[in-house]
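The values are calculated or read from the model by the stated rules, or taken from the named source; none is laboratory data. Bear in mind that the values here come from a model prediction, so they are computed numbers and not experimental data. As a convention, Cβ positions derive from the backbone with ideal geometry for all residues, glycine included, and neighbour counts pool all protein chains shown.
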Amino acid sequence: MENVRKLALYLVLAFAGIGSLITINQTLADHSGLFGLAFTAAWLFPMVIGCWLAWRRPMIAFPLLMIWSMSVLGLLLWQSLAPSWWNTILNSDGPIITTALFALTAPLAIYGYQRRTRFVAIILIGLSALNLMATSNTDGHTGSSLKIAIPVLAAGVLYLIASFTDKRDDSTEEK
C-alpha cells in the first residue's frame with residue numbers, strides 16, 4: 001500500500017506548507033518585529049531541522065522525535081490538568097502547544113514514511129486526540145487546535161492502514 005503512505009505523506013507536507021504560511025502570517029500580525037520573528041523561529045527551525053533529520057539521518061532523528069513527542073504529550077497532559085493556568089498563557093501568547101504539535105507533525109510523517117510506520121501512526125493519532133481533549137477545556141483556541149488535529153489524525157489513520165496492509169518489516173530499514 002505504497003499509495004496510502006504517499007497519500008499520508010503528501011497530505012502532511014501540503015498541510016505543513018500551507019499551515020506554515022498561515023501561522024507565520026498570523027504570528028507576525030500579532031507580534032511585530034523581533035518578537036514575532038523569534039516566535040516564528042521557535043517552531044519553524046525545529047520543524048525544518050526535524051524534517052531534514054527524519055529524511056537524511058533517521059538514526060539521529062528517532063530519539064529526538066521521541067523526546068519532542070513526549071514533551072508535547074507532557075504539555076498536553078499538563079494543559080488538561082490545569083486549564084485555568086494555561087488559559088492565561090494562551091490568552092497572552094497564543095496556542096503554544098498546538099503550534100508545537102504542528103511543527104512535530106511533518107518530521108514524524110517523513111520519518112514514518114519508510115520507518116516504523118505503525119508506531120508513528122499511533123503517535124500521530126494519540127497526540128491529535130489528546131490535543132483535542134486538552135484544548136476542549138481551555139478558552140478561545142479550540143478552532144485552531146481542530147484545524148491542526150484533523151490533518152494530523154487523518155495522516156495517522158492513513159499510516160495505520162498502510163502499516164497493516166503492507167506486510168514488511170520496518171525495522172530492517174534502520175540497520
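Worth a mention:
- Single residue of Ala8, Ala14 found to be crowded, with 17+ Cβ neighbours inside 10 Å and either within 26 Å of Ala162 (Cβ to Cβ) or touching a residue at least 60 places away in the same chain (Cβ under 8 Å) (or both): Ala8
- Sole residue being closer than 20 Å to Ala154 by Cα, touching a Gly at 6+ places or on another chain (Cβ under 8 Å) and among the small types (Gly, Ala, Ser), chosen from Ala106, Ala100: Ala106
- Condition broken by Ala54, with the remaining ones in (1) at pLDDT below 85; (2) in a helix (DSSP H, G or I) satisfied: (1)
- Scanning segment 114-127 for residues that are surrounded by 18 or more Cβ atoms within 10 Å (Cβ to Cβ), at pLDDT below 85 and assigned to a helix (DSSP H, G or I) returns a single hit, Thr117.
- Restricting attention to segment 27-55, the residues being in contact (Cβ under 8 Å) with a residue 12 or more places away in the chain and loosely packed, with under 15 Cβ neighbours inside 10 Å number 2.
- Hits in segment 11-33 - residues which are within 14 Å of the chain's Cα centre (by Cα) and either more than 12 Å from Phe102 (Cα to Cα) or outside any helix (DSSP H, G or I) (or both): Leu11, Ala14
- Positions within segment 56-86 being surrounded by fewer than 16 Cβ atoms within 10 Å (Cβ to Cβ), among the hydrophobic types (A, V, I, L, M, F, W, C) and without any contact (Cβ under 8 Å) to a residue 40 or more places away in the chain, in sequence order: Ile60, Met66, Ile67, Met70, Trp78, Leu81, Ala82, Trp85
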